[in-house]
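The block underneath contains the structure these notes are about, expressed in structure tokens.
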Amino acid sequence: MAANLLRDVNVQADFFDVDAVRLDFPVLQRHMEPKGTFAYLDNAASGQMPRQVSDRIHRYHTNEHANVHRSVHTLGAEATEAYEGARKKVAAFVNAASHTEILFTRGTTDSINLAMQSYGRPNLQEGDEIIVTTLEHHSNIVPWQMLCKEKKCVLRVVPLNDDGEVMVDEYMKLLNARTRLVAMSHVSNALGSVNPVRLMVAEAKKRGIVTLVDGAQAIPHMAVDVRDLDCDFYAFSGHKLFGPTGIGILYARSAIQERMGPYLGGGDMILRVTFEETIYNVAPYKFEAGTPPIVAAIGLGAAVDYLSAIGMDRIAAYESALLAYADERMRTVPGVRIIGTAAQKAGVLSFMLDDIHPHDVGSLLNSYGVAIRAGHHCAQPVMERFGVPATARASFAFYNTRDEIDALVDGVKHVKRIFAAP
């Protein structure tokens, strides 16, 4: 089945044909009133789904649906093969040592909460320290705050410099004999800053500290190799990766799984149950109670096929040029202030326009046919660091074009004219 998907992808080996790729995304062909054009620049919130993925989901629903793992009939066996096949595809995509290191969840938030509940609660105790960075999404702050409150642990925070980069020297100072876990984003959802996670993980590992990387904003933009990063956990969502919502991944290294208890109790996560005791299943099933998100996992597997056929290195190179173009063009607009000017960025351009509230910028851009996001982006500490309540955020994917960047810039000028009018 994967071979059919690969043949159907609109790419060629020696160049990146964005116009051909866009044909795989029907939603990008929409015409929004009143301007009649449409530029989708809200990919950090959710990526669009290519027809290869939606077709795979439709085929499962219409011809292959059954519950997995315990069925003795043909349909159940086929569904199980497709579901577990998706797990193996994801494992290969991030270069995990084994498919058993890939845990299916509902999304990045669920993945981080799984790590907190299954690893953090049994292994951390009073006085232990957890390090996060100021760049984190709330989903990589709140679970650790909850754990700290319960276990009387201490949360330490790595500050940012004025470019929106994690201050590595300050991070090094925070590492100490009481540090038990470091949780860091790979790419900031608010600013696009790329954290030096390989370095940060290496410094933590030297001290025997467990590491978790929130990869939600990195996985759509670059090749990720969890063994090269050497992290213990890596979390991401299917819908950021151009798959369906309701599916996420927690990569959990085999060695760390031995120190983790079950997250939820119920069917499929057990080997034997009596009223006296329960013997838990092996990983990854020990962490996946109940009927799993079967079709969402299969859809994610199709998204992995699609991206693998294009090549993540080609995607990264194309998007890097696109982001540079967007940054250059936006700086030509008087009154635009770019928030987050890290040397290494991916996929995101956050900005302020004069003293116009970002919500007004976003609403007026929508009327101009440009879809961006405005708000604190579930990263209020980042907003506080830069002294703003919110930003307007344009975020890009491999199907975006320079014409869409031009539409964004024209739209921002349009907003500025409206607010300048008497």
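The values are calculated or read from the model by the stated rules, or taken from the named source; none is laboratory data. As the structure is a prediction and not an experimental result, all values here were calculated from the model. Backbone-built Cβ (ideal geometry, glycine too); neighbour counts: all protein chains shown. Just the protein is used for accessible areas: all its heavy atoms, side chains included, with ligands, DNA and RNA removed. Shrake-Rupley method; radii C 1.70, N 1.55, O 1.52, S 1.80 Å.
Before we move on, is residue 272 charged (D, E, K, R), touching a residue at least 12 places away in the same chain (Cβ under 8 Å) and open to solvent by 30 Å² or more (accessible area, probe 1.4 Å)?
Values: charged (D, E, K, R): yes; touching a residue at least 12 places away in the same chain (Cβ under 8 Å): no; open to solvent by 30 Å² or more (accessible area, probe 1.4 Å): yes.
Taking the combined requirement at face value, the residue does not satisfy it.
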- Item | Long-range neighbours under 9 Å by Cβ, at least six apart or interchain, first residue more than 13 Å from residue 117 (Cα to Cα) and modelled with pLDDT of 95 or more within the stretch 140-162, second in a helix (DSSP H, G or I) and small (Gly, Ala, Ser) | 153/120
- Quick one: what pairs do we get from the stretch 326-355, first residue assigned to a strand (DSSP E or B), second surrounded by fewer than 14 Cβ atoms within 10 Å (Cβ to Cβ), C-beta under 8 Å, 6+ apart or different chains? 338/331
- Looking at (1) without any contact (Cβ under 8 Å) to a residue 40 or more places away in the chain; (2) assigned to a helix (DSSP H, G or I), which is the one condition that is false for residue 407? (1)
- Query: So, of the residues in the stretch 233-261 that are farther than 20 Å from residue 140 by Cα and open to solvent by 40 Å² or more (accessible area, probe 1.4 Å), which turns out to be nearest to the chain's Cα centre (by Cα)?
  - Reply: 254
- Query: Do the conditions hold for residue 392, that is, is it outside any loop (DSSP other than H, G, I, E, B), of a type in the set (A, V, I, L, M), touching a residue at least 24 places away in the same chain (Cβ under 8 Å) and in contact with a strand residue (DSSP E or B) (Cβ under 7 Å, 6 or more places away or on another chain)?
  - Reply: yes
- Item | Candidate set: the stretch 108-136, residues that are surrounded by fewer than 22 Cβ atoms within 10 Å (Cβ to Cβ) and not in a helix (DSSP H, G or I); chosen: the one nearest to the chain's Cα centre (by Cα) | 134
- Test for residue 167: is it open to solvent by 60 Å² or more (accessible area, probe 1.4 Å) and of a type in the set (A, V, I, L, M): no
